2 protein chains.
Amino acid sequence: MERDVAVLGVGQTKFGSHPDKTLPELFAEAFFEAFDSSNIELRDIEAIYFGNFVGEITDGAANLGGFIADEIGLRGIPAYRFEGACASSSVAFRDAYLAVKHGIYDCVLVGGAEKLYSAGTPIGTRALATALDSAYEVNSGLTFPGVFALIARLYAKTYDIPLEKLREKIAHVSVKNHKYGAMNPKAQFYNKFGDLKVEDVLNSRMICSPLTLFDCCPMTDGASAVIIATADFAKDRIDEPIYVRGAGQSSAGSLFRQKWDVVKALPRKRSAEMAYREAGMTPKDIDVAFVHDCFTIAEVIATEAMGFFEYGKGADAVEEGLTWADGEIPVNPDGGLIGKGHPVGATGTAQIYSAVKLLRGELDFIKIDAETAITDTLGGDFGTLVNVILSVHRR
Amino acid sequence: MERDVAVLGVGQTKFGSHPDKTLPELFAEAFFEAFDSSNIELRDIEAIYFGNFVGEITDGAANLGGFIADEIGLRGIPAYRFEGACASSSVAFRDAYLAVKHGIYDCVLVGGAEKLYSAGTPIGTRALATALDSAYEVNSGLTFPGVFALIARLYAKTYDIPLEKLREKIAHVSVKNHKYGAMNPKAQFYNKFGDLKVEDVLNSRMICSPLTLFDCCPMTDGASAVIIATADFAKDRIDEPIYVRGAGQSSAGSLFRQKWDVVKALPRKRSAEMAYREAGMTPKDIDVAFVHDCFTIAEVIATEAMGFFEYGKGADAVEEGLTWADGEIPVNPDGGLIGKGHPVGATGTAQIYSAVKLLRGELDFIKIDAETAITDTLGGDFGTLVNVILSVHRR
């Protein structure tokens, strides 16, 4: 029998630099924030779904499930590590959600942690590249700024937009997300770059043409945690459960196998449609979106594949203000990956953190009249894609 | 509603050296063997549960779910990577089993792949050490031979057995498992070390006292795959479904947190008891066991914690022949990790492979009259522990 599923407490560390904490210690900080607002006992938690991308490389640390369980006082319970690159904790979240929905567990902990800032840019860049096809893409010299620079060029060509014009349009994603990130006390760029201008983005250091430094998200240390349970369990414990209405997941092979499709992000379209179908919703029912803006162009193609704008119209939309907090469909009002930071394995459940806080009216720095939110997390060059729909309404 | 779950086809590559294949290519080889004996269509497979431990380090390859789905013709379906060190594909298997049992999916693919032989011993040893506590254990200079040498010494002390006497007793594990490994055409040591003697083990190169080279399993490349589905789905397609009767999973923190308990392998006791309870069985109902013999002493403590022998009696048991193929409870008649090889992420579902083949009477090189089998996979120093019970009987 399928049960309704709800989010209880959520937690997130400050994103940025945490050189003095191990991954389990960092995760514990996020966990205890989530735990403190869940009104449950430790023993209520039956399993841990943990997302981490490259702990082996950054911290020499794999097999983290058991160490995390032990760290937070839950020694011995089943503890899983999920890895789907930048979508690691989103894959964990969907699996945990399905487990609660279908009666495997009543209450579980989901989350993630990553320490890419502390690893430094050279190690971090190589570590991130493991999310690409190692045999063909990485051996050709491709890393992620290159992937999204290719996608930006393909976007310009496909929709017949002059490249310089496109650069200006997508720069608005950076301006927007830095504006909100500067307002968010938990963001890596809190109080920084809040009045960034389009010209600042265009004139910042070129990373991989046409993308400049401000088109890119930063390297980040951080952790996030979410406690989920059956809706009935949640209702007995807290006043404002947020309900998980649907989740989708899809996958793809390398860029060379996706060919021209890559600009349409087809795995995302498939994943989002799976989530909408399960929720009985359409994109019109969504009030706010937290999408995977690892680069400015990434947010644009995400808003299209998720059905908010027609293909080729996403870049216009941000320029016209449609994805700003007061626009038609606010996108990343917490700063997104660009303004808030991107601790890879923690990013998915950090999106859930922001969505839940916003829906509860608990994001002090920004208020949006929203009842339903969607999250979107991309792993690699579409190898892993997860969408989650959250709502204040149970049905 | 809970459904019975069955195994359809199983596949395993030859274990050993596969320098010319990527991890997805290696996994595909195991998959197609499993697929060919499952009598299903590709489109029947709804999700992929994939275990891999350190692809980031050995092959620069993470985020493998999508690449694997694409490689075997299943582009776009949800594809997960599970990591729980040496138990990675066993964690994947248990999660997949629960998903089918509880109605999330009807038919899924589980498996794993790893390339530690090709990585070479220095990289391989460092990669394996990521399964330990990175902050305290590894920084103290500990790697896995050290962990199990400590456990062997603790075993000798706890049960008051002179260390030289213990060395002789546990050497029988190596003799036994090399005997069966030498008979197994898919084993890394096929046709090698089949007539190893206790003296050969004692006199081989000292790795970490009291453990010598022949007390250790090798570094291995390999992959394994298992297709599971509801029992009703399986019965419609094949003659001899093997039923998954129960599964358990547990966890622990670092050695320093487990203290003296480590010699009793308490997470394994908890995990095995979870599996027995679910299956409605006791250790007496098990006819054959495939346990995690990464070192000779590891097999001994496994057979105790799983309930086959009293604590302190496991070393006597192998010396007395009780765990040989014609003994009371045959252990690792496929050669185990020591004789067959240990491609970490593939090891768990390779145990399932051997168990299913043996229960079907399809292991040509060894016949054991068995109706029920248990597998046992250990990740790290008890950080992750998984047991699975398989039977020819549905209930």
Counting DSSP beta bridges with both ends in the range A:41-167, the antiparallel % (nearest 5): 0
Gyration tensor verdict on the protein assembly as shown (Cα atoms; rounded if a/c is under 1.5, prolate if a/b is larger than b/c, oblate otherwise): prolate
Note, ³J(HN,Hα) from phi for the range A:30-44, Karplus 6.51, -1.76, 1.60, rounded to Hz, x at Gly and Pro: 5, 4, 5, 4, 5, 5, 4, 9, 9, 6, 10, 8, 3, 5, 5
DSSP bridge orientation in chain A - percent antiparallel, rounded to nearest 5: 75
Cβ-vector label at 7 Å, residue A:2, separations to other copies in nm: 2.2
Cβ-vector label at 7 Å, residue B:326, separations to other copies in nm: 8.8
Amide H contacts under 5 Å for residue B:207, placed H, 5+ residues apart: B:212, B:213
Helix B:344-359 vs. chain B, principal-axis angle (Cα, 0 to 90°, nearest 10): 80
Peptide-level mean, for A:244-254, of C-beta atoms on other protein chains within 10 Å: 5
Sequence ranges A:296-304, B:41-49, B:20-28, ranked by mean other-Cβ count within 10 angstrom, highest first: A:296-304, B:20-28, B:41-49
Number of partner chain Cβ atoms within 10 Å, mean per residue of B:127-133: 5
Candidates A:205, A:153, A:270: whichever shows maximal mean-square fluctuation once chain A is modelled as a Gaussian network with Cα springs under 10 Å: A:205
Shape call, the range A:231-326: gyration tensor on alpha carbons, a/c limit 1.5: oblate
Contact order normalised by residue count of chain A, Cα under 8 Å, 6+ apart, percent: 26
Separation of alpha-carbon centers, the range B:348-371 and the range B:126-143, rounded to whole Å: 34
Aspartates and glutamates with Cα under 17 Å of residue B:186, excluding same-chain neighbours fewer than 8 positions away: B:29, B:33, B:114, B:221, B:334, B:362, B:364
Amide hydrogen neighbours beyond the local backbone of residue B:85, cut-off 5 Å, H modeled: A:63
5 angstrom amide H check on residue A:79, placed H, neighbours 5+ away: A:48
For residue A:313, inter-copy label distances in nm, listed shortest first [label point 7 Å out on the Cα-Cβ vector]: 7.6
Environment charge of residue A:123, counting only residues whose C-beta is closer than 14 Å and scoring Lys/Arg +1, Asp/Glu -1: -3
Where rotation carries B onto A, the chain B residue whose Cβ is nearest that axis, in whole Å: B:102, 2
Karplus (6.51, -1.76, 1.60) ³J(HN,Hα), θ = phi - 60°, over the range A:168-179, in Hz, Gly and Pro reported as x: 5, 4, 6, 4, 4, 4, 5, 4, 4, 5, 5, 4
Distance in nm between pseudo-label sites at residue A:36 and residue A:125 (7 Å out along the Cβ direction from Cα): 3.9
For chain B, calculated [θ]222 nm from helices alone, where every DSSP H run of n ≥ 4 adds -39500 (n - 2.57): -11500 deg cm²/dmol
Cβ-derived FRET efficiency at R0 56 Å, residue A:158 paired with residue B:371, nearest 0.05: 0.40
Residue mean of other protein chain beta carbons inside 10 Å, B:258-268: 1
All-pairs Cα distance distribution in the range A:250-393, expressed in whole percent, bin size 5 Å: 2, 10, 22, 25, 22, 13, 5, 1, 0
Environment charge of residue A:332, counting only residues whose C-beta is closer than 11 Å and scoring Lys/Arg +1, Asp/Glu -1: -1
Positive minus negative residues near residue A:134 (Lys, Arg vs Asp, Glu; Cβ under 12 Å): -3
Charge dipole (debye, nearest 20) of chain B; +1 at Cβ of Lys and Arg, -1 at Cβ of Asp and Glu: 700
Spatially proximal lysines relative to residue A:313 (Cα-Cα < 26 Å; intrachain offsets below 8 disregarded): A:157, A:165, A:169, A:176, A:179, A:197, A:259, A:264, A:269, A:284, A:340
Antiparallel bridges, percent of DSSP beta bridges restricted to the protein assembly as shown (to nearest 5): 75
Cα gyration tensor shape of the range B:172-284, rounded if a/c is under 1.5, else prolate or oblate by comparing a/b with b/c: oblate
Inter-centroid distance (Cα atoms) of the range A:235-255 relative to the range B:150-192, Å: 47
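Every number in this text was worked out from the coordinates using simple rules, so none of it is lab data. It should be emphasised that the depicted structure is a prediction, and the values quoted were computed from it without experimental measurement. Positions of Cβ are generated from backbone atoms using ideal geometry, with glycine treated the same way; all protein chains shown enter the neighbour counts.
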